[in-house]
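To keep things clear, I will list the structure first and then write my remarks on it.
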Amino acid sequence: MKKLIFLSLALSPMAASAQLLMSPSKELKAEFKLVDNGKPAYTLEYKGRPIIEQSLLGLVLEQPQTLDADFKVVRTQVATGDETWSPVLGEQSSIRNHYNELKVELLQTTTERKMNIVFRLYDEGLAFRYEFPNQYRWKYFKVTREITEFNLTGDHKAFWIPGDFDSQEYVYTESALSQINGDQSQISNGIGFKGPMEATRVQSPLMMKTNDDLYLNIFEAAVVNYPVMHLNLNPKTFTFRADLAPNAIGDLAYLETPCKLPWRTVMVSDDARDIVGSRLILNLNDPSKIDDTNWIKPMKYVGIWWEMHVGKSTWDYAGSQNAQNAQPGVLIPTGKHGATTENAKTYIDFAAKHGFDGVLIEGWNVGWEDWFGNWKEEVFDFVTPYPDFNISEVTAYAKSKNIQLIMHHETSGSVSNYERRLDRAFDHMKKYGYNAVKSGYVGRIIPRGEWHDGQIMVNHFNWVVQRAAEKKIMVNSHESSRPTGVHRTWPNYVSAEAARGNEFNAWSNGNPPAHETILPFTRLLGGPMDYTPGIFEIRMSAYEPSKKEQVQTTLAKQLALYVTMYSPIQMAADLPENYDKHADAFQFIKDVAVDWDDTKILEAEPGDYLTMARKAKAKDAWFVGAITDENARKTTISLGFLPAGKKYKAVIYEDAKDADWQKNPKAYAIRTIEVSSKSKIELALAPGGGTAISILPLK
Ligand code: NOJ
Ligand code: CA
């Protein structure tokens, strides 16, 4: 049901010295005014405490068209929005979008150019965006800097990753703002390629906590035809300025009026749960542009994937180490190729036996022998299988078992090549009945060295999703720019990686135990993440005795991640034989839902812990996930979220008493109890541990 009320009111420029806006709860107050020589500026207060001190707004265009001063207010309009809408797939089936809005229409007196700034104040935070009306004498323009400031009140604690324009696959640092050092020389993302970095630049979303226990988050929504916003700190004033990823020749953005830029957002609360549970970013995006969404389905999947990451098999049929010396056209089999017809059938059997929807097969197509490090434009054609992968046979087999295949398009960053071949690649998928694709953008963007976060690449990611929608294909992108709620508009954009996923635990210094307690406050605010949880064989020495790498959680925490790390497509990422060894724990992965009617955040503290309960969509079943960082944790949760008067069976998958992510990661225990809305459950999480609970109706 939609309910949208708009009240508008025009003010004369004389009365417009300062404009006030209140959130529906009246706890947040924003103010707009022109300062100095007509410079737009804003402030934000929460419960009477300053959050953002006077901060400038505007853009710098190619000289001499600076758009940050000499403005006068032509008109202001206020409005209220209140509607309720339903996402196709989501964390809750009904979302309220409730805000007060202030639109300030500005005229730059020296140039007669028009710029509007629209502010929306929600109970969870502020959003604002620049809009440029159609202007006869100002059709095209080039942005060389964005002025937008976030002038913070002190040296808050921040959870930051360095402002690499090319990758978000970093471990978070928890430090005071004054200690931020995003310098390239200091930090490695573990995969050996990086974009330009700067000591004072960090990525958004940026999660912070003040000394007086307020939680702040700076982010953006609806990034369309514009670069990703990073944040550059002035450590003397604790002011961040929007820092946009440039294109290959240093320009930031090319725009054509009329246009609207992405929303900049500042969330604030004294309760960390409000940040994790906020739907502000989704609400700021346009409603779905796909009319018939019946083909967009949640999915649980397994795949020929982790076995390559742990070194048991190879993506390439011929072995990339052979590529340099190989005779042209001659493939010398590695003998370890993962994506064979036979292996695909094994995974299809496993998926069918355990009730999964899909199977992902990576390394099925020609090109892997040459994919990394050579910066070649033409590597993959996305249609030619290796000789030991019979795509017709695999497709027919999957169909006979009612399993959907998930296509894999690794582009190796060669976006020009992918764009040229995309229609053929999608048609090839449809021909073999694939309705979902996992894409990948490993490495520098070929051929021009664009950054993953620049305007050109943002447009590429959005365009691929739109093209896929035309063909009824769901997309899960890896190494893309991080989502900003655009999956509300294009719900076939079912998931993305765009952060440091579980895979890093297989072959790098990995993801420290706090990592998964931070992502829901950062990356996940923009949209679902394909984190690929469910690794049971925690230590990589199981594959190769000399390996030191390990998943930095307990096994039970891997289960809890299915609840805390939202994605409507979730992978059971480990190998079938590892699940066979722990069939009792695997039951949770088989039972857990991936699409939800409701989500309750029970406990949250960024960098420390998170406990969530979610109700399965259209089913009387709840699932709880509780995770902790490197510290053990005891807590008691109340099941007050259950409907009153009903009895359920709760199966609790928890860390064994002596479990510890380093010393004893695989020790878990399972107990079953009867519960109702009046029940409380005591949880004991090991260091790096977690608890997963399925709450199912009593038979
Ligand atoms: C990185 C992706 O995150 C991973 O899932 C994939 O297996 C490799 N690239 C190869 O495409
Ligand atoms: Ca990745």
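The values are calculated or read from the model by the stated rules, or taken from the named source; none is laboratory data. On a predicted model such as this, the values are computed, not experimentally measured, just so you know. Reconstructed Cβ throughout: ideal geometry from the backbone, glycine too, with neighbour counts over all protein chains shown. For the accessible areas, the whole protein counts, side chains as well, though only heavy atoms, and no ligand, DNA or RNA atoms are used. Shrake-Rupley method; radii C 1.70, N 1.55, O 1.52, S 1.80 Å.
Within segment 526-539, take every residue that is in contact with a strand residue (DSSP E or B) (Cβ under 6 Å, 6 or more places away or on another chain) and not β-branched (Val, Ile, Thr) and give me the one that is farthest from ligand 1 (Cβ to nearest atom).
Arg539
Restricting the search to segment 616-656, which residues are open to solvent by 20 Å² or more (accessible area, probe 1.4 Å) and of a type in the set (D, E, K, R)?
Lys617, Lys619, Asp620, Glu630, Arg633, Lys634, Lys646, Lys647, Lys649, Glu654
Given the residues Ser694, Ser677, which is the only one that is among the hydroxyl-bearing types (Ser, Thr, Tyr), outside any strand (DSSP E or B), more than 22 Å from the chain's Cα centre (by Cα) and on the phi < 0 side of the Ramachandran plot? Working first, answer last.
Details: Ser694 fails: outside any strand (DSSP E or B).
Sole residue among the options that is among the hydroxyl-bearing types (Ser, Thr, Tyr), outside any strand (DSSP E or B), more than 22 Å from the chain's Cα centre (by Cα) and on the phi < 0 side of the Ramachandran plot: Ser677.
From Arg420, Arg448, Arg444, Arg424, which residue is more than 16 Å from ligand 1 (Cβ to nearest atom) and part of a loop (DSSP other than H, G, I, E, B)?
Exactly one residue qualifies, and that residue is Arg448.
Looking at segment 501-518, which of its residues are within 15 Å of ligand 1 (Cβ to nearest atom), in a helix (DSSP H, G or I) and either open to solvent by less than 10 Å² (accessible area, probe 1.4 Å) or in contact with a strand residue (DSSP E or B) (Cβ under 7 Å, 6 or more places away or on another chain) (or both)?
If we filter segment 501-518 for residues that are within 15 Å of ligand 1 (Cβ to nearest atom), which is where we start, we get 501-508, 510-511.
Checking the rest, the ones that are also in a helix (DSSP H, G or I) come to 504-507.
Matches in segment 501-518: Phe504, Asn505, Ala506.
Does Thr554 fit the bill of being open to solvent by less than 10 Å² (accessible area, probe 1.4 Å), more than 16 Å from ligand 1 (Cβ to nearest atom) and under 17 Å from the mean Cα position of the chain (by Cα)?
Details: open to solvent by less than 10 Å² (accessible area, probe 1.4 Å): yes; more than 16 Å from ligand 1 (Cβ to nearest atom): yes; under 17 Å from the mean Cα position of the chain (by Cα): no.
For Thr554, the condition - open to solvent by less than 10 Å² (accessible area, probe 1.4 Å), more than 16 Å from ligand 1 (Cβ to nearest atom) and under 17 Å from the mean Cα position of the chain (by Cα) - is not met.
On the given criteria, is Asn134 open to solvent by 10 Å² or more (accessible area, probe 1.4 Å), in a loop (DSSP other than H, G, I, E, B) and either on the phi > 0 side of the Ramachandran plot or more than 16 Å from ligand 1 (Cβ to nearest atom) (or both)?
Working: open to solvent by 10 Å² or more (accessible area, probe 1.4 Å): yes; in a loop (DSSP other than H, G, I, E, B): yes; either on the phi > 0 side of the Ramachandran plot or more than 16 Å from ligand 1 (Cβ to nearest atom) (or both): yes.
So Asn134 passes the test.
Scanning for something within 14 Å of ligand 2 (Cβ to nearest atom) and either surrounded by 24 or more Cβ atoms within 10 Å (Cβ to Cβ) or under 25 Å from Leu261 (Cα atoms) (or both), does segment 448-457 turn up at least one residue? Spell out how you get there, then give the answer.
Looking only at segment 448-457, we keep the residues that are within 14 Å of ligand 2 (Cβ to nearest atom), and these are 452.
Checking the rest, the ones that are also either surrounded by 24 or more Cβ atoms within 10 Å (Cβ to Cβ) or under 25 Å from Leu261 (Cα atoms) (or both) come to 452.
Yes: one or more hits.
Could you grab me the full set of residues in segment 528-579 that are in a helix (DSSP H, G or I) and of a type in the set (Lys, Arg)? Let's see the steps before the verdict.
So the first thing to find is which residues in segment 528-579 are in a helix (DSSP H, G or I), and the list is 540-542, 555-564, 576-579.
Passing the criteria: only Lys557.
Please determine, by comparing only the residues of segment 487-500 that are crowded, with 24+ Cβ neighbours inside 10 Å and part of a loop (DSSP other than H, G, I, E, B), which one is farthest from ligand 1 (Cβ to nearest atom). Can you show your working first?
Let us first name the residues in segment 487-500 that are crowded, with 24+ Cβ neighbours inside 10 Å, namely 487-488, 492-500.
Adding the requirement that they be part of a loop (DSSP other than H, G, I, E, B) leaves 492, 497-500.
Numbers: Asn492: 19, Glu497: 5, Ala498: 10, Ala499: 10, Arg500: 10 Å.
Ranking the qualifying residues of segment 487-500, first place goes to Asn492.
Among the numbered conditions (1) within 16 Å of ligand 1 (Cβ to nearest atom); (2) crowded, with 24+ Cβ neighbours inside 10 Å; (3) farther than 21 Å from Leu284 by Cα; (4) not acidic (Asp, Glu), tell me where Ser480 comes up short.
Of everything listed in (1) within 16 Å of ligand 1 (Cβ to nearest atom); (2) crowded, with 24+ Cβ neighbours inside 10 Å; (3) farther than 21 Å from Leu284 by Cα; (4) not acidic (Asp, Glu), Ser480 misses just condition (3).
Pairs under 7 Å by beta carbon, first residue within 11 Å of His428 (Cβ to Cβ) and open to solvent by 50 Å² or more (accessible area, probe 1.4 Å) in segment 363-385, partner in a loop (DSSP other than H, G, I, E, B) and not acidic (Asp, Glu), six or more apart or different chains?
Thr384/Val366
If we keep just the residues of segment 458-477 that are part of a loop (DSSP other than H, G, I, E, B) and open to solvent by 10 Å² or more (accessible area, probe 1.4 Å), which is farthest from Lys297 (Cα to Cα)?
Here is the first cut: in segment 458-477, the residues part of a loop (DSSP other than H, G, I, E, B) are 471-473.
Adding the requirement that they be open to solvent by 10 Å² or more (accessible area, probe 1.4 Å) leaves 471-472.
Working: Lys471: 15, Lys472: 11 Å.
Filtering segment 458-477 for residues that are part of a loop (DSSP other than H, G, I, E, B) and open to solvent by 10 Å² or more (accessible area, probe 1.4 Å), the one farthest from Lys297 (Cα to Cα) comes out as Lys471.
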